[in-house]
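Before any comments, here is the structure.
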Amino acid sequence: MADNSGFPYCTKWKNYRYPLTRLEYSVGHKVVDDGYFDTKPLDIWISDDYFLMDLETEYVVTMTAATNDTCKSLKRPSVFIDGSSGQTETTAGNANPLLKLSTSDTLTNFDVVSSLANTISSVGKKQTLYTIAPGLHFGFTNTDISPFALSDRSGWVMSADALNGLPKIMDGTYTCWYKLPTDAGDTVVTEIIPNGIANKSMNIMWNANRHVPKRSTTAANNGQSITIQGSIDKTNWVDVVKLIDDMDMIDTVTLDVQNFMQQAQWDSNALDGDDYPYKRLKFEFEASASEVDLHPHQFIQVNITPN
Amino acid sequence: MAAEGKSTKWGRIADLSTTPVYAGFTAGMLDAGAGANIIPGGTINGQGTIGTMGHFCVFRHDGGTEADWTEPFDFPINGDFTIAINSSGEDLSASTTMDVSVQGSVDGTNYVDLHTDLIDGVVIDETVVAGVYDYDAKGRMPYMRLELTAGTVSTAENILIHVIPH
C-alpha cells in the first residue's frame, strides 16, 4: 500500500478556479500531430492553470483500431507523473484499454455517440471529457465508435494564452486536484486546508464536473472514501471523521450521477466536530477483495466551500 | 417529460395578494429553463411596490413525476432558510404530493443533493408546505437550487415557491 502526498499526487489548495472552457482549434494550444484527427480533431478543454507548468512537452493520444476503437497510450508532461521534466507514456493492454469508444459512459467505456455530459463539443454535440492533467481535458469530436486506423495520433502543446479572457472565479470556494489511488489500500492526502477556513463548517465537493475515471477491469466496484484528518503539529495526523464511506463509482449508463459527484458537510459545531489547529483530507481506496484497480494518473477535482 | 428547469428567476416583491402572480406563465415560458430571463412581479396597487427579505419564483408543475428544478438562487445563503411550497395555498386539480430537495453545484451545471427530500412526499393541494434548511448541517455551494419531484400526477399548473433566509 502506498500513502502519497504532495505534488503531483495532490495540488495545493487555491482560492480560485476557471470555468470549464473549450478551446477553439489550435487556439491556446499548438496542434503538433493530428494524424486522422485533422478532419475530426480532439477538442481541448481547460478548467485550471496547471498546464502552465510545462508549455514545451507534447500531449499525445494514440488510438488503436478495433470494433470499438481504444486508447492504449497517453503521453503527457512528466511533471504530472512524477514531478520530473520530459514526457511520460502511460500504457494499457488490449483487455483493459485506458478508454474504449462506446455508446455509454462507464468506468471502462467512453461515450462518443450519446453522451449525457453537459459539455458541448465544437460540432455541437454532448461530449464526454477525459482529464489528462489537472484542469486539462480532451473530448472526441468524431461520433463513431470505430473511426481510427492503427496508431492514429493526436498531439498538442499547450500555450499560456489559453487563459486569455477567461475569468478567474473567486467566490470563497477552494480547489485542489488529486490523483485517484490506483490500488486497494492506497491513500492520498491533501495539503493542509488553509487556516482561514479550516476551523469553519465547510462543504466538501468531489468531482464537481462529473468526469468519469476509468478502471482496469470490469469487476464490480471501486470503493473510495474521504476522511478529514486533524493534527496539532503537522506531523502526526489522526482521523477525525470519515465524511464519505466507501462510495462505489458506478456506471453512469444508469444515470447514477450521485456516485460520480459526491458532497459532504463538515459541521464544526457538531459533537463529532473535533477541532485541531491543522486539518487535511485523506482519500482512500478501500482495501477489499472485491475492489478493482483504476488506471493511473487520473486527476479529480475537490472543492471546499466554507460556511 | 424530461427533467428540466421549470421556474422563473427569483423575485422579491412583497404584495402577492390580489391578482395571482403565478398566472399567465405558460409551459413555453418556463419549460427547459426558458424562465431564466423572467423575473415575476407582484401587485402594483398605485402605491409602488414593497420589497421583502423573502424570495419567490413561479414554478410550473407540469403533471409529470420526474424531477424538475428551479433556477439557481440569485441571492446569498449565509444561514438557515425556510422553503414554502405552494405558498399561496392554491387549490390544485389533484392531491399532488411533492418531494423537495436542496441541491448545490460548483459549476452551475452539475448538481448534487445537499439535503435530499427536505420535504418528503407531502400533499401540497390547498396547502402551504414548509421546511427549514439547516445551514450548519448541510452547508452551501457556489450555486444552489430546489429540485421538486411530484409523487402523484396532476395536471399542468403553476405554483409559487418561497425561500426566506433567516
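By counting other Cβ atoms within 10 Å of each Cβ, how are A:Tyr50, A:Tyr16 ranked from fewest to most?
Going from sparsest to densest Cβ surroundings: A:Tyr16, A:Tyr50.
Per the helix-only calculation at 222 nm, which mean residue ellipticity applies to chain B, given -39500 (n - 2.57) for every DSSP H run of n ≥ 4 and division by its residues, nearest 500 deg cm²/dmol?
About -500 deg cm²/dmol.
How shielded is A:85-94 by partner chains, expressed as the average number of their Cβ atoms within 10 Å of its Cβ atoms? All intermediate terms of the calculation are to be shown ahead of the outcome.
Details: counts 0, 0, 0, 0, 0, 0, 0, 0, 0, 0.
Mean inter-chain Cβ contacts per residue within 10 Å come to 0.
Please compute, for peptide B:100-109, the average count of beta-carbon atoms on other protein chains lying within 10 Å of each residue's beta-carbon.
Other-chain Cβ atoms within 10 Å of each residue's Cβ, averaged: 5.
Provide A:Leu281, B:Leu148 in ascending order of the number of other Cβ atoms located within 10 Å of each residue's Cβ, fewest first.
Going from least to most buried by this count: B:Leu148, A:Leu281.
At 25 °C and 0.890 mPa s, what whole-number value in µm²/s does Stokes-Einstein give for the translational diffusion of the stretch B:11-165, with Rh from the Kirkwood sum over Cα pairs?
Approximately 155 µm²/s, per Stokes-Einstein.
So what is the 222 nm mean residue ellipticity for chain A from helices alone, if each DSSP H run of at least 4 adds -39500 (n - 2.57) and you divide by all residues, rounding to the nearest 500 deg cm²/dmol?
0 deg cm²/dmol
Ranking B:Thr149, A:Thr175, B:Thr155 by Cβ neighbours within 10 Å, fewest first, what do you get?
Final ranking by Cβ density, sparse to dense: B:Thr155, B:Thr149, A:Thr175.
Working from the alpha-carbon coordinates of the protein assembly as shown, get Rg over Rh, Rh being the Kirkwood radius.
A ratio of 1.00.
Could you work out how far the C-alpha centroid of the stretch B:60-113 sits from that of the stretch A:28-95, in angstrom?
For the stretch B:60-113 versus the stretch A:28-95, the Cα centre distance is 42 Å.
Normalised radius of gyration for the stretch A:54-186, please: alpha carbon Rg relative to 2.2 N^0.38 Å, two decimal places.
Compactness ratio reported: 1.14.
Once both labels are modelled 7 Å past Cα along the beta-carbon direction, what's the A:Ser5-A:Leu116 spacing in nm?
The answer from the label model is 3.8 nm.
Return the subset of A:Lys200/A:Lys282; A:Lys30/A:Lys214; A:Lys40/A:Lys125; A:Lys200/A:Lys242; A:Lys14/A:Lys282 for which the Cα-Cα distance in this structure is over 22 Å, preserving the input order.
Exceeds cut-off: A:Lys30/A:Lys214.
In the stretch B:97-146, if every C-alpha pair distance is counted and binned at 5 Å from zero, what percent goes to each bin?
5, 20, 28, 20, 14, 9, 3, 0
At 7 Å along Cα-to-Cβ for each site, give me the label-to-label distance between A:Leu166 and A:Val27 in nm.
Taking the two extended label points, one gets 1.4 nm.
Within the stretch B:107-166, which GluC sites (Glu not before Pro) sit in a loop by DSSP and count at most 13 neighbouring Cβ atoms inside 10 Å?
B:Glu126
Taken together, the values in this text are just the output of simple stated rules run on the coordinates, not laboratory data. Bear in mind that the values here come from a model prediction, so they are computed numbers and not experimental data. Backbone-built Cβ (ideal geometry, glycine too); neighbour counts: all protein chains shown.
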